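Here's the structure we're looking at; comments come further down.
What follows is calculated from the coordinates using simple rules that are stated; it is not laboratory data. The shown structure was predicted, so the numbers you read here are calculated from the model rather than taken from an experiment. FYI the Cβ positions are ideal-geometry reconstructions off the backbone, even for glycines, and counts take in every protein chain you see.
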Amino acid sequence: MNLGQIISGAGHLALIGWAVFGGAFKSEPLPFEVTEVTAISAEDFAALMDGPRAPDAVANVNTPEPPAEGEGAPELSSTADAAPDNAQPEAAASAEPDSAPEIPDVAPPADAEVSDEPPVLDPPQDDVAALVPDVSPRPQPRPAPRVAPEPVAQPEPDVTIDDVDQQEAAPAETAEPVQEDTEATAREEATTEIVTEAEENDVANAAPPRSVRPRTRPERPAAQDDTQPAARPQTDESAVNDALAEALGQAGGEGQGAPQGPPLTAGEKDALRVAVQNCWNVGSLSSQALRTTVVVAVTMSEDAKPVASSIRMLSASGGDGAAAKQAYEAARRAIIRCGAGGFDLPVEKYDHWRDIEMTFNPERMRIK
Amino acid sequence: MRVFLSLVLACLVWVMPALAQNGPLRIEITEGVIEPLPFAAPDFVSDNAAGADMGRKIAEVVAADLTGTGLFREIQPDAFISRVTSFSSPVQYADWKAINAQALITGAVSVDSAGKLVVRFRLFDVFAGQELGQGLQLVGTQDGWRRIAHKVADQVYSRITGEAPYFDSRIVFVAESGPKDQRSKRLAIMDYDGANVSYLTDSASIVLAPRFSPDGERVLYTSYESGFPRIYVMNVGSVQRRVLESQDGQMSFAPRFGPDGRTVVYSVSRGGNTDLFRMDIGTGASTRLTSAPSIETAPSFSPDGTRIVFESDRSGTPQLYIMAASGGEAQRISFGQGRYGTPVWSPRGDLIAFTKQSKGRFHIGVMRTDGSEERLLTASFLDEGPTWSPNGRVIMFTRETQGAQGSASLYSVDITGRNLRQVPTTTGASDPSWSPLQE
């Protein structure tokens, strides 16, 4: 018998002993409820089981005897009411006037304890679920007489209507160069869609157009802001634009006859487009002209003003000759009107915007 | 994200040299503004003393016509920098640009030796610095100065908008007076702007639903003169009238001319059933178009005369249907909630105007001829009876106010739903019918 067998035997014995004597095969007692009971005698139990008995049916009911026939109606006699005593009460003696109340000395209120420090308010809770009302009045678009791509709120009454928003400027007291007085201007009030009389009072669509969208992640704690870099990183779009400009700048240098320098960025093109569309008035165009797309070429002077004599229609599609003519004239008015003061274009990129082709496509303006 | 951006940038740097701008800058404008076009209309200069006051009045009517469309805005004369003293003097474009006048209308008035009124006018595109179209001269009687002014405004309107004109047109309507329960009605005719009202009938009997012929010289209408409704046709110039053929005991109403001016469609009510008929107005021969047990009424021809839109309750509620002008199976085109009635085909042929009753209110609306793109243009206690302007751009209709003291009046609205305005009339007015453009 080697050592391993001895150890194995001892271990098995120990395990068996623990299982037998250690209570491994004992089961927990089943749970049971304890209810208090009261012992009663047999008489009490019989009395309880008898219960209240229903009363015996009543066989004889005493009914009042009807009045005997022939009895005459009782004689009625009445006496006149005595006249009420209308004796006037004696005049009451006038009451003595009240004595003036004694005014106790009013002690001045004690000075309230006022702290110079403003109370600290708990910051508002950001993520608070809000119930959307069942029915809320739909915000009606205002029937402004002007329809524009961007809604413009009603300007102040004393503000001059212009194509651009502009703050009022006055000469500063400390400034050395003379600054011209400039009136505050604002764009004319506009709405983005035509609102008919029938739609103004439309309550059928009174439900809110969208519900409050829950936030997907909590706000970052304020402490983390300190760790952010001071300079805000460039947005993706501007980074792409810069990279585009840089790439095209290299390309321009390599091409022959191509404009020098970086081309216009998307933002600069957008600014030009918005400037022209703000003057492109299609309200006076015929239905046929509103189906006509025209491509108009214009040559710009270096001060970013269109050369009126250079404006010409390159092509038209979607309408007949008369409609194309109306559409072209509206486009020409837009270019000249909004270019009268010069478009906001970078001078260093003049080669890129000397010649411009503008496509005026009124498809989205037919019914708004 | 950074890796992705780097990859995008790398691709762009590699691709862009090939895409470098090698021509003009190209941009696309897809959104504009809708606002009235500002214009200046100085008083027309007088070439002789006879036309002294006429120049101012004609300029006023021209300006009122253009402003009334909602597409134009008049710049008041006190804002003018330049003064037009001669019809042929050069235009100071800078002065008109300064006040943002995009269009300038100048004109001259004179009376010739024959007593005729001679009006000349020119139209300028101020910002383009050039004349729009050629100058035009119009000659007419002095009494007809308003018509000449409307003609000038029509030319300006058409040259700028490209739409067909409509100012030189008339309205025939039912003039109403008296309280609702004792209202007298008679036929009246006026210019489209409410001027020059004259009456075609007296108020001895009730008249309803006058309708112009395509040439504007005759009017169909329904009268209760004989005790029950019968259709009459009247020559507007001579005020001569005659009753259209109809059998005794039949009620005929809701007549409307076909585009050929010879055919008339109308409703006949017999034994509680109402059906559509058409009649050759020259021979008096009539043809039955519908024979359903339901009520069919308010027929209106398409501009090409091949189809008829009408109102029928065959589905249980009044709806709009289209059928061939010779009759036959009809196709329902209105499917919205509410009741549809009084359909009228646009002169352009692309839209149908109608009256709709829904949720206790009345609307004037338009829809495509297949029933699509329904748009409600108005809403009130009672709007009904639309009629189209000759160019199909404006709709005129009757609006009646609520209550015992309520009255009927005429309103007009652009087909976009903008520019809702009341047409001035001296009395109550209902049932308008717009004439074609006058020659």
Residues B:His363, B:His150 in order from fewest to most other beta-carbon atoms within 10 Å are B:His363, B:His150
In terms of the charge dipole of the range B:37-161, which places +1 on Lys and Arg and -1 on Asp and Glu at the beta carbon, the residue among B:Gln92, B:Pro38, B:His150 farthest towards the positive end is B:His150
I'd like the distance separating the alpha-carbon centroids of the range B:370-405 and the range B:138-166, in whole Å.
26 Å
Karplus-derived HN-Hα couplings along the range A:6-20 (A = 6.51, B = -1.76, C = 1.60, θ = phi - 60°), whole Hz, x at Gly and Pro
5, 5, 5, x, 4, x, 5, 4, 4, 5, 5, x, 5, 5, 6
Would you please classify the overall shape of the range B:272-321 from the alpha carbon gyration tensor, given that a ≥ b ≥ c denote the square roots of the eigenvalues, rounded means a/c under 1.5, and beyond that prolate means a/b larger than b/c while oblate covers the rest?
oblate
Cleavage-rule hits, GluC sites (Glu not before Pro), the range B:341-407, DSSP coil, Cβ neighbours within 10 Å at most 11:
B:Glu373
If exposed means trypsin sites (Lys or Arg not before Pro) lying in a DSSP loop and surrounded by at most 14 other beta carbons within 10 Å, then the longest stretch of chain B lacking such sites spans residues B:117-261
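Where the only charges are on Cβ atoms (+1 Lys, Arg; -1 Asp, Glu), what is the dipole of the range A:295-353 about its Cα centre, to the nearest 20 debye?
Details: 7 positive and 7 negative charges, 56 e Å.
With Lys and Arg at +1 and Asp and Glu at -1, about 260 debye.
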Can you sort A:Val296, B:Val84 so the residue with the fewest Cβ neighbours within 10 Å comes first?
B:Val84, A:Val296
Expressed as a whole percent, how much of the Cα-Cα distance distribution for the range B:390-439 exceeds 17 Å?
41 percent
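Can you tell me how much longer the chain between B:Ala50 and B:Asp143 gets when fully stretched, taken as 0.36 nm per residue apart minus their C-alpha distance, in nm with one decimal? Intermediate values should be presented prior to the final figure.
Details: separation 93, 0.36 × 93 = 33.48 nm, distance 1.33 nm.
Gain in length upon complete extension: 32.2 nm.
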Karplus (6.51, -1.76, 1.60) ³J(HN,Hα), θ = phi - 60°, over the range B:362-374, in Hz, Gly and Pro reported as x:
10, 9, 9, x, 9, 8, 5, 5, 9, x, 7, 6, 5
Karplus-derived HN-Hα couplings along the range B:44-60 (A = 6.51, B = -1.76, C = 1.60, θ = phi - 60°), whole Hz, x at Gly and Pro
5, 6, 9, 7, 8, 4, 5, x, 4, 7, 5, x, 5, 5, 5, 4, 5
Among B:Tyr166, B:Ser184, B:Pro210, whose Cα lies farthest out toward the positive end of the dipole of the range B:113-264, if unit charges sit on the beta carbon of Lys, Arg (+1) and Asp, Glu (-1)?
B:Ser184
Coordinate range along principal axes, alpha carbons of the range B:194-289, Å, largest first:
42, 31, 22
Along the charge dipole of chain B, Cβ charges K/R +1 and D/E -1, which of B:Ala79, B:Val197, B:Gln319 sits furthest on the positive end?
B:Gln319
Mind sorting B:Asp414, B:Asp154 by how few other Cβ atoms lie within 10 Å of their own Cβ, fewest first?
B:Asp414, B:Asp154
Quick check: pseudo-label points 7 Å beyond the Cα along Cα→Cβ at B:Gln405 and B:Ser291, how many nm apart are they?
5.4 nm
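Would you kindly give the portion of the calculated P(r) for the range A:276-363 that falls above 20 Å, as a percent of all Cα pairs?
It works out to 32 percent of all Cα pairs.
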Chain B: relative contact order from alpha carbon pairs under 8 Å, six or more residues apart, as a whole percent, is 10 percent
Note the full-extension length gain between B:Glu329 and B:Phe381 as 0.36 nm times their separation in residues minus their Cα-Cα distance, in nm to one decimal.
15.3 nm
Nearest 10 degrees, 0 to 90: helix B:145-161 Cα axis against chain B principal axis:
60 degrees
Mind listing which GluC sites (Glu not before Pro) in the range B:285-358 are in a DSSP loop and have 13 or fewer other Cβ atoms within 10 Å?
B:Glu329
Take the alpha carbon gyration tensor of chain B, find the square roots of its eigenvalues, order them as a ≥ b ≥ c, and report rounded if a/c is under 1.5; if not, report prolate when a/b exceeds b/c, else oblate.
oblate
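Once you have a ≥ b ≥ c as the square roots of the Cα gyration tensor eigenvalues for the range B:138-223, tell me rounded if a/c is under 1.5, and otherwise prolate or oblate according to whether a/b is larger than b/c.
prolate
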Cross-link pairs beyond the 29 Å C-alpha cut-off, checked among A:Lys325/A:Lys349; B:Lys97/B:Lys151; A:Lys305/B:Lys57; B:Lys116/B:Lys185; A:Lys325/B:Lys97:
A:Lys325/A:Lys349; A:Lys305/B:Lys57; B:Lys116/B:Lys185
What distance in nm separates the two pseudo spin-label positions at B:Asp181 and B:Thr283, each 7 Å out from Cα along the beta-carbon direction?
5.0 nm
If I model a spin label at A:Glu363 and B:Asp350 as a point 7 Å from the Cα along the Cα→Cβ vector, what separation in nanometres do I get?
1.6 nm
